[in-house]
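Note sheet for the following structure.
The numbers here are math on the coordinates, done by the rules we state, and not lab data. Given the structure is predicted, the values throughout are model-derived calculations rather than measurements. Heads up, the Cβs are rebuilt from the backbone with ideal geometry, glycines too, and the neighbour counts pull from every protein chain shown.
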Amino acid sequence: MLWLVFGPRPRTTGATVAWALLWPVLWIGYTLAHGAVSGWYAYGFLDVGDLCYAVALRNLAFVVLLALLFLLAFRAVDRRLPGTARRDAVTAG
């Protein structure tokens, strides 16, 4: 979150949001696969054995939606803050 203070801004693009959303989706896939093999789910809201797949997937859709809302909020903040210049790795002599 240092980018809020130091920049460079604007930095968060639609591609950044998509890549950041990849983590929750991969986590969901791993968690469901792990639970199917072991019968153990880390969280009650996605326990397919207790809830059924329809309810667990609905709950997971809320997780993805919440992550997307946070990402879009960060992008909105990034776009509204004053722009900063990008620092070059090599400075001109």
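Okay, here's what the table says:
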quantity: Quarter of the Cα convex hull surface for the range 10-80, i.e. its orientation-mean projected area (nm²); calculated: 4.8
quantity: 14 Å beta-carbon shell around Gly14, net charge (K/R +1, D/E -1); calculated: +2
quantity: Whole-number percent relative contact order across the range 10-80, with pairs defined as alpha carbons under 8 Å at least 6 apart; calculated: 45
quantity: Inter-probe distance in nm under a simple model that places probes 7 Å from Cα toward Cβ, at Ala18 and Val77; calculated: 2.4
